[in-house]
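This report concerns only the one structure given below.
The values are calculated or read from the model by the stated rules, or taken from the named source; none is laboratory data. A quick note: this is a predicted structure, and the numbers were derived from the prediction, not measured. With ideal geometry, Cβ positions are generated from the backbone for all residues, glycine too; neighbour counts draw on all protein chains shown.
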Amino acid sequence: MTGNIHIPFVAACSYPRRAGNAVRPLVDGVPAFRRIAEAVTAARHSVWLTVAFYAPDFQMPDRGGPLFDVLDRAVDRGLDVRVIFWRPNQESIGYGGVFLGSPEDRKMLDARGSRFRIRWDRAQGAYCQHQKSWLIDAGQPAETALVGGINLTAKAMGSPGHRSGGDRHDAYVEITGPSATDVHHNFVQRWNEASERAADDGIWGHDADDVLSFPTRASMPCGASIVQIQRTVHAGRYSDNHPSPGSQAHDIAGGERSILEQYLQAIGAAQSSIYIENQAIPIPPVAAALEAALGRGVEIVLLVPAEPESDVRAARKNPQRRPLFEALAGLEKYPNFTLAGIEGLDARGRRNPIYVHSKIMLVDDAFATIGSCNLHAYSLSGHTEMNASIWDRHVVRALRCQLLAEHLDRDTAGIDDRAAFCLYREIARENQRRREASDGRWQGLALSLDPAAYAA
């Protein structure tokens, strides 16, 4: 179902573009973690995680329990369970809740009798170890990877809907096949070089000599999707450039910015439509690429939080950040551009903003990228990030229809991508008009936003 797709892949990348993958996008927290819980339950050998943000209030859906209960149960079944947690530096301590590995955290683990293995890993300076991934049965025939942007917090479990009023929209993607092996390689590279592995408080459940072997062969093909695992890695963060199976060694000591490169190449190759969901507005180079696409007549919808975070509002007031907002405002003059947010109904019938936390781009109903990477400078240059880019018309079109059904309450399966995003613009603008008129008779969740006034 991949067909002759015109979106180029990234050559300067740790991992190759691989055919033969089965891909399943997982939209919103409850569906995503329901599938993750199923995969963990079905695991027969191992469960490995990379975690950025964590809060003790996180619970798996369907009474699956807290994270540590899930991991302890997996250990009790004899599985090899490992977690890499981000440990912030002083410059980044205020970004959000983390499992720091503090003395109190270690007392809690000891009181539980937790035996899963932990390593803590720092990033450079103010940057973040932002990857969010699960790897099930690494190196086994059933090897399965899940890559995305959903954090391990109760807030992340909100599911948008007309009546539920869930407060967060996000996504993961499940991958089985050869590209899952590249997620395996990423975990090994990070585990073996985790910054805190030699510190007394930098590990749990093992010692610093616990070194993982890199995968020696890629998982067998099991689907029709072409996938490339792409990353942001700061220069100097890791040094072992042992290649993934069937790939060339990448100079990881020099860093990697393949996610940014893929965004620019995909936007540059777009012919009919670009749909982006991101919690950040695009940095100027990405905005410039979007403007060039708009000039070619490409239909573009950019979905962002209708109610931006306080740091975005602070950036709007900072003269040094003016180019960021000027680049966004510059897109307003194109009639084929839509800036949108989403709002849901609570139990009392009141509309409340749904926070867009997802990091998704769809191009021409043919290409998608899904992962942890935001479109701000930190994610695209200094954080450690991971996205899965997908070349498969069937998967991408189905995801487009799913997302628009959620946001527009309309089935767009019978129209092409350009017509679908023109419809998005029409409905979002009409909903905004009705909002201003205090008319609650909306179509779906989407409403248009003013690019020149966003976060003002």
> Would it be correct to say that Glu299 is at pLDDT 90 or above, surrounded by fewer than 20 Cβ atoms within 10 Å (Cβ to Cβ), touching a strand residue (DSSP E or B) at 6+ places or on another chain (Cβ under 9 Å) and acidic (Asp, Glu)?
Replying inline: no
>> So if I check each of Ala398, Ala413, Ala405, which one is touching a strand residue (DSSP E or B) at 6+ places or on another chain (Cβ under 9 Å), outside the structural domain of Tyr172 (by TED's automatic domain parsing), of a type in the set (Gly, Ala, Ser) and modelled with pLDDT of 95 or more?
In response: Ala398
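Within the stretch 89-111, identify whether any single residue is in a strand (DSSP E or B) and in the same structural domain as Arg197 (by TED's automatic domain parsing), and answer yes or no. I'd like the intermediate steps shown before the answer.
Initial filter on the stretch 89-111 (in a strand (DSSP E or B)): none.
No, because not a single residue in the stretch 89-111 is in a strand (DSSP E or B) and in the same structural domain as Arg197 (by TED's automatic domain parsing).
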> When Ser310 is evaluated against the numbered criteria (1) among the hydroxyl-bearing types (Ser, Thr, Tyr); (2) free of Cβ contacts under 8 Å to residues at least 40 places away in the same chain; (3) in contact with a Lys or Arg (Cβ under 7 Å, 6 or more places away or on another chain), which criterion, by number, is the only one it fails?
Replying inline: (3)
>> So Ile36 passes all but one of these: (1) surrounded by fewer than 22 Cβ atoms within 10 Å (Cβ to Cβ); (2) outside any strand (DSSP E or B); (3) in contact (Cβ under 8 Å) with a residue 60 or more places away in the chain. Which condition number does it fail?
In response: (1)
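Here are some residues: Val286, Val304, Val312, Val233. Which one is closer than 24 Å to Ile427 by Cβ, β-branched (Val, Ile, Thr) and under 20 Å from the mean Cα position of the chain (by Cα)?
Details: Val286 fails: closer than 24 Å to Ile427 by Cβ; Val312 fails: closer than 24 Å to Ile427 by Cβ; Val233 fails: closer than 24 Å to Ile427 by Cβ.
Result: Val304 is the single residue among Val286, Val304, Val312, Val233 that is closer than 24 Å to Ile427 by Cβ, β-branched (Val, Ile, Thr) and under 20 Å from the mean Cα position of the chain (by Cα).
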